[in-house]
Every structure is written in C-alpha cells, then in structure tokens.
1. Being part of a strand (DSSP E or B), modelled with pLDDT under 85 and over 12 Å from residue 63 (Cβ atoms), is that true of even one residue in region 23-42?
2. So if I check each of 21, 52, 59, which one is charged (D, E, K, R), open to solvent by less than 80 Å² (accessible area, probe 1.4 Å) and either out of contact with any strand residue (DSSP E or B) (no Cβ under 6 Å at 6 or more places or on another chain) or under 20 Å from residue 7 (Cβ atoms) (or both)?
3. Taking region 24-46 as the region of interest, how many residues are open to solvent by less than 80 Å² (accessible area, probe 1.4 Å) and closer than 15 Å to residue 14 by Cβ?
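The values are calculated or read from the model by the stated rules, or taken from the named source; none is laboratory data. Everything numeric here is computed off the predicted structure, so don't read it as measured data. In this analysis, Cβ positions are derived from the backbone assuming ideal geometry, glycine residues included, and neighbour counts consider all displayed protein chains. The protein model used for the area step is the full one, side chains on, heavy atoms only, and it has no ligands, DNA or RNA in it. Shrake-Rupley method; radii C 1.70, N 1.55, O 1.52, S 1.80 Å.
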Amino acid sequence: MKCDGYEKIWDLDQGELVQLDGGRGTTLRVTRGTLWITLEDDVRDVVLASGDSFTVDRDAGTSIQVGQRQP
C-alpha cells in the first residue's frame, strides 16, 4: 500500500479484514491474490486482482478484505 509518500507492505491472510478511516488518496496495489474494497456510503464494491491498483477517493471508512489466493 502506498500512502502520503511512503510505502507500507501488508501481507494479509485470506479473509483478513482491514479498516481504513480517512483514507482519501491512499493507493492500494495488489501483488498477489484478490482484494475486495468496500467504501462506506458508496454502492461500489471494488475487486482488484494481482497487478491492479485503486486510489481511495473519499474520506469515509474503507474496508479491505483479502480473497482466495491463486496458487
């Protein structure tokens, strides 16, 4: 994950859930597996696969959950 000029790498387990508050501008990049992103008060659910990225475009709460990893 890249945020505010620094990089943070998370190695999340399948099904693990992370909550971001005030994450506007945070860019999430997936290096392996699948990531589901749910934005508070937004009808979208964003699904990213390995190699994809998404920049959070609002300050509302953001839920991130890891899907099943492909071998």
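1. No, region 23-42 contains no residue that is part of a strand (DSSP E or B), modelled with pLDDT under 85 and over 12 Å from residue 63 (Cβ atoms).
2. Step by step, each of 21, 52, 59 is checked, and only 52 is charged (D, E, K, R), open to solvent by less than 80 Å² (accessible area, probe 1.4 Å) and either out of contact with any strand residue (DSSP E or B) (no Cβ under 6 Å at 6 or more places or on another chain) or under 20 Å from residue 7 (Cβ atoms) (or both).
3. The number of residues fulfilling the criteria is 4.
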